[in-house]
Amino acid sequence: MLFLVATLCFVISGALHNVFHAVADNFESMQVLPEILTGLSVTFFLVAVLICPPAVMIGLVGSIAMLIRKHHRPRHACPPYLP
């Protein structure tokens, strides 16, 4: 699940970075709006570059570990004791 969410976050963050960067370039003549849009653009770029790739790797490793764990479970194990 983390793998899918992080991958989707990477794509969305990259797209939002490009959108905010393009809109900021179009509104260069205004005073405050380009700075706000540039800040948002940088924020989404940093999320896409610094946060999403490690999350994708952690999700991938976790998914593989859970898959291995699921397939190597003993068949005749006793169910856990439930009071």
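Each value in this text was obtained by applying a stated rule to the coordinates, not by laboratory testing. Since this is a predicted model, take the numbers as computed values, not measurements. Ideal geometry is used to build each Cβ from the backbone, glycine not excepted, and the neighbour counts take in all protein chains shown.
Just rank CYS9, CYS52, fewest to most, by other beta-carbon atoms within 10 angstrom.
Lowest count first: CYS9, CYS52.
Using a Förster distance of 25 Å, how high is the FRET efficiency between PHE27 and LEU50, based on the Cβ-Cβ distance and rounded to 0.05?
0.40
Could you compute the longest span of the chain free of chymotrypsin sites (Phe, Trp or Tyr not before Pro) located in DSSP loops and having at most 14 other Cβ atoms within 10 Å, not counting the site residues?
28-80
If you take the alpha carbon radius of gyration of region 2-71 and divide it by 2.2 N^0.38 Å, what ratio comes out, to two decimals?
In units of the 2.2 N^0.38 Å rule of thumb, it is 1.52.
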